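One structure is given here, and the rest of the page talks about it.
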Amino acid sequence: MATSARRSRPRAPWIVGVAALAVIALVVGGLLVWRARADGGRAEAEAFAEALDSGDFSGVPLTGSTAGEAAAIREHVTASVVAATGVEPTVALTDAGEVEDGDRTATYTWTWDLPKPMGTWTYETTATFSGDDGTWSATMLPNVVYPGLDDDSGSLDVEITRGTSGSVTDREGNALVAPTDVIDVGLDLSRIAGNEDAAGTARELAGLLGIDADSYEQKVKDAQDAGETASIVPALTIRASAKGQYPLDKAAALPGYSAVEGTLPLAADRSYAPGVLGTFREATATDAEESGGEIVEGELISSGGVTAARRDQIVGTEGLQIIARGVNGSSEVVEESEPTDGTDVQITLDPDLQEAATAAVAGQDSPSAVIAMSASTGQVLATGLGPSGQSYPVGLVGQYAPGSTFKMATALALLRTGDTPDTQVDCPATASVDGRSYKNADSFESSLVGSMSLAEAIAHSCNTAMVLQSGNVSQDALVDAATTLGIGQDAPEGLDAFMGSVDPEDTGSEHTADLIGQGKVLASPLAMATALASISSGSTVHPRILMDDDATTDVPTPLTEQETSDMSTMLARTVTDGTLTSQLGDLSGGEVIGKTGTAEWTDENGEAKLHSWVVAAQGDVVVCAFVEDGGYGATTAGPLVRQVLEAAQSAGLE
């Protein structure tokens, strides 16, 4: 009889898995307990270091505080430094310490990579851990964040210290920007009780100072929300000489009113040469945060112009103080870098010519500018801006169609094809090129229509003669000629400037329109002054505003002596027998060369308007005048140029 062996059923896999996990858990748990006891809490000390570094104390054993309370202590101590510098500290366990009487004291290294000039700041703190049955927990106090702080609410703070600032002077040494006594008016939040009182007081102070109440109220609220209850929230910096213009006696009666005297490098005349000098202000917490550690709250920063380019030279090196403040009002400088004094910066503006340029455009009804420069050095002598009160520096950064002043580049390109000033060109009343019709200005004398020399076409500004040359002058050749005259080069150090542009990709009707300074050609008055300065000097000019700027401009095709001579001949004829004769033909002194320009544009209402241009040179002085909404160049801009050239003669600058 057959027999069969009895087979046992296999255990369910999940039973085996659970059993295995249970064993592992027991082993691991035992190991962790053993490790905690064996290393005396080193793992907890390392975890606490990570929490100090990140500010997140979740899951970290603590004695006497919750994770949220511990994070609040860290934030309170470090908040001012973080806000002022935009930098968070890093924390590492240095020594876990030895166990004594059931406690251990761990040592931590704090590192702050602070902005210049302080650099890296490091220090050590200690934290006490208590252990019970292998579980170690830390006691979080302010002195764990910085040694010696009060056990309640001590904190760190930052203050900027400054040496004596330098000045910005004109070419004759007159101070344009200099250390100026000021009063920083604001609210000291430590002396105001309650958010509602602070908000109401902020609005009252704003009303007295004439600043936006909503913005200042929000600024105060933001400071409170950030926990900056011991800080002063600045409202307005007032020149000490102008304090009588503000009701500071009434402001002083407000709770928390603060008026701190100091000095700032400020412009002697706030309306002087807008766009050239720039302005200083104290950096905000937002500036510091956005700088990634490059800027400290309270340090001087500059917006544009000479002061931005030479900020470090003018201001010197600002010092930085880290201050440990106690709850009882005590304070101690715990880390410091000393400030250094600034030095003077001299710029090229001439006081007499600057006054004349400003006066020339002061009465204009639309944005206008006069730029004067030295052809031999490229030094900018004046940057007048009009009308009075205008702040946008159109003479430097304006981007406008230059009209017929750009025919200087077109004429140079034609000379490079083999033409001469005597080459005959056709100047019809109208011309059609690439399906687009062109005509001369309404002021163009009908008796001039017909054949004429290239010199005559430039002198009388014949549009049709130029557009009919579109097949003889390539766009590349036009761009190259403009580049030779300095158009399109980089802005000089110390000036926010637009030096013009000519699109090398323009073809067809756009290329044709470029030849007469319309199309997509754009320039600023500074760019067109530079173009004529290059012709007058015989080489590409690099404009400069800083007296010690020795930069030059290299171009693919420099001006030749013959090109310089031919261009000067044609532009002189503009004055002796052309569009500038009525305005500059009888100007005393040496030879005058120049070019008029009128560019069509359409305003926001669809109305046709004209940009007015004139650029002229006499001796070493080049002047470009521009009026955004004017008439024909000679009529509107011509008198402005004459006024400044006459001033240059009087000042002995011709």
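Per this entry, Ser165 is not counted among residues that are among the small types (Gly, Ala, Ser), within 25 Å of Val60 (Cβ to Cβ) and surrounded by 21 or more Cβ atoms within 10 Å (Cβ to Cβ).
Is it fair to say Arg7 is part of a loop (DSSP other than H, G, I, E, B) and either over 19 Å from Gly131 (Cα atoms) or at pLDDT below 50 (or both)? Taking the combined requirement at face value, the residue satisfies it. Taking the numbered list (1) in contact (Cβ under 8 Å) with a residue 60 or more places away in the chain; (2) under 17 Å from Phe406 (Cβ atoms); (3) touching a Gly at 6+ places or on another chain (Cβ under 9 Å) in turn, Asp496 passes all entries but (2). In region 71-91, the count of residues that are open to solvent by 50 Å² or more (accessible area, probe 1.4 Å), in contact (Cβ under 8 Å) with a residue 60 or more places away in the chain, within 30 Å of Ser291 (Cα to Cα) and in a helix (DSSP H, G or I) is one or more.
Beta carbons closer than 9 Å, at least 6 apart along the sequence or on distinct chains, pair a first residue in region 642-654 that is farther than 13 Å from Pro351 by Cβ with a second that is open to solvent by 50 Å² or more (accessible area, probe 1.4 Å) and hydroxyl-bearing (Ser, Thr, Tyr) for Glu646/Ser588; Gln649/Ser588. Those residues that are open to solvent by 70 Å² or more (accessible area, probe 1.4 Å) and either polar (S, T, N, Q) or over 14 Å from Leu468 (Cβ atoms) (or both), I need them from region 418-455; list them, please. Within region 418-455, Asp422, Gln424, Thr430, Ser432, Gly435, Ser437, Asp442, Ser443, Glu445, Ser446, Ser447, Ser451 meet the criteria.
Being under 19 Å from the mean Cα position of the chain (by Cα), touching a residue at least 24 places away in the same chain (Cβ under 8 Å), within 28 Å of Pro393 (Cβ to Cβ) and not in a strand (DSSP E or B) is a description that applies to Pro274.
When Asp476, Asp490, Asp506, Asp480 are screened for being open to solvent by less than 30 Å² (accessible area, probe 1.4 Å) and of a type in the set (D, E, K, R), only Asp506 passes. In region 238-267, the residues that are at negative phi and in a loop (DSSP other than H, G, I, E, B) form Cβ pairs under 7 Å with partners that are modelled with pLDDT under 95 and open to solvent by less than 30 Å² (accessible area, probe 1.4 Å), at six or more places apart or across chains, as follows: Tyr246/Ile238; Leu254/Thr201; Pro255/Ile192; Pro255/Thr201. Elements of the type helices (runs of 4 or more DSSP H) sitting completely within region 578-654 and holding at least 3 residues that are open to solvent by less than 10 Å² (accessible area, probe 1.4 Å) and of a type outside the set (D, E, K, R): these cover 638-650. Any residue in region 295-307 that is part of a loop (DSSP other than H, G, I, E, B) sitting within a Cβ distance under 9 Å of a residue that is among the polar types (S, T, N, Q)? List the pairs, counting only those 6 or more apart or interchain. Short answer, once both residue conditions are applied: Ile295/Thr85; Val296/Thr85; Glu297/Ser80; Glu297/Thr85; Glu297/Thr284; Glu297/Thr286; Gly298/Thr284; Gly304/Thr279. Looking only at residues in region 302-323 that are closer than 14 Å to Ala84 by Cα and hydrophobic (A, V, I, L, M, F, W, C), which one is modelled with the lowest pLDDT? Once the filter is applied, the top-ranked residue is Leu320. I'd like the full set of residues that are surrounded by 13 or more Cβ atoms within 10 Å (Cβ to Cβ) and not in a loop (DSSP other than H, G, I, E, B), limited to region 548-564. Residues satisfying the conditions are Glu563, Thr564.
The conditions of being open to solvent by less than 60 Å² (accessible area, probe 1.4 Å), outside any loop (DSSP other than H, G, I, E, B) and hydroxyl-bearing (Ser, Thr, Tyr) are not met by Thr105. Filtering region 438-481 to residues that are in contact with a Gly (Cβ under 6 Å, 6 or more places away or on another chain) and among the small types (Gly, Ala, Ser) leaves only Ala459. The C-beta contact set for region 204-217 (first residue farther than 12 Å from Leu248 by Cβ, second residue of a type in the set (D, E, K, R), distance under 6 angstrom, 6+ apart or interchain) comprises Ala213/Arg203; Glu217/Arg203.
Here region 229-258 is the region considered, the condition is being among the polar types (S, T, N, Q) and more than 11 Å from Leu205 (Cα to Cα), and the residue that is surrounded by the most Cβ atoms within 10 Å (Cβ to Cβ) is Ser231.
The values are calculated or read from the model by the stated rules, or taken from the named source; none is laboratory data. This structure is a prediction, so every number in the text was calculated from the model and none was measured. Cβ atoms come from the backbone with ideal geometry, glycine included; neighbour counts cover every protein chain shown. Remember, those area values only see protein heavy atoms, side chains included, never the ligands or the DNA or RNA. Shrake-Rupley method; radii C 1.70, N 1.55, O 1.52, S 1.80 Å.
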